[in-house]
Every structure is written in structure tokens, then in C-alpha cells.
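Here is the structure we will look at.
Rule-based calculations on the coordinates, nothing more; no lab input. Please read all numbers here as calculations on a predicted model, not as lab measurements. Cβ placement follows ideal geometry from the backbone for every residue including glycine, while neighbour counts extend to all protein chains displayed.
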Amino acid sequence: MLLGLVALVLASCTTRAVYEGIKQNHLNECNQLPGAQREECLDHLPPDYETYRRQHEAITSDSP
């Protein structure tokens with residue numbers, strides 16, 4: 001049982017790291033754009049991981 005819990009925690013950390021890496025790449029791409037394009041791009045950055053996780057759980061818990 002402890003091994004399962006450890007695996008779950010590690011998987012969660014990995015998921016968060018991947019999410020944050022993707023978000024950082026998006027931010028880097030936005031920062032390479034000029035002026036108004038940059039601002040528009042930044043407006044479309046994904047939410048922080050905890051907000052994403054809550055939204056994802058809400059959507060998947062509503063599914064049949």
C-alpha cells in the first residue's frame with residue numbers, strides 16, 4: 001500500500017512538472033513576439049497548475 005502511495009505522489013509531481021514545463025515554453029514563445037502580439041499571447045497562457053487540476057477534476061467527475 002505504501003508503494004502505491006509513493007507511486008501516486010511521484011506521478012503527481014511528474015504531471016505537475018510536465019504541465020509547468022509546457023506553460024513555461026508557452027511563456028517563452030510569447031516573450032519573443034513584438035508588442036501587442038506578445039500581450040495577446042500572454043492573455044492565453046494556461047492557468048496555474050492547481051487551477052488546471054481543479055478544472056480537470058470538475059470536468060472528469062461530471063462525465064458518465
- Between N31 and L45, what is the label-to-label distance in nm when each label sits 7 Å out along the Cα-to-Cβ direction? 1.0 nm
- Message: Can you compute log10 of I(q)/I(0) for segment 14-59 with the Debye formula, treating each Cα as one identical point scatterer, at q = 0.19, 0.21 Å⁻¹?
- Response: -0.63, -0.72
- Query: Each residue of segment 26-43 in order: what ³J(HN,Hα) in whole Hz does its phi give by Karplus 6.51 cos²θ - 1.76 cosθ + 1.60, θ = phi - 60°, with x for Gly and Pro?
  - Reply: 4, 4, 4, 5, 4, 5, 8, 8, x, x, 4, 4, 4, 4, 5, 4, 5, 5
- First select every other residue whose beta carbon is under 15 angstrom from the beta carbon of L42; then total the charges, Lys and Arg +1, Asp and Glu -1. -3
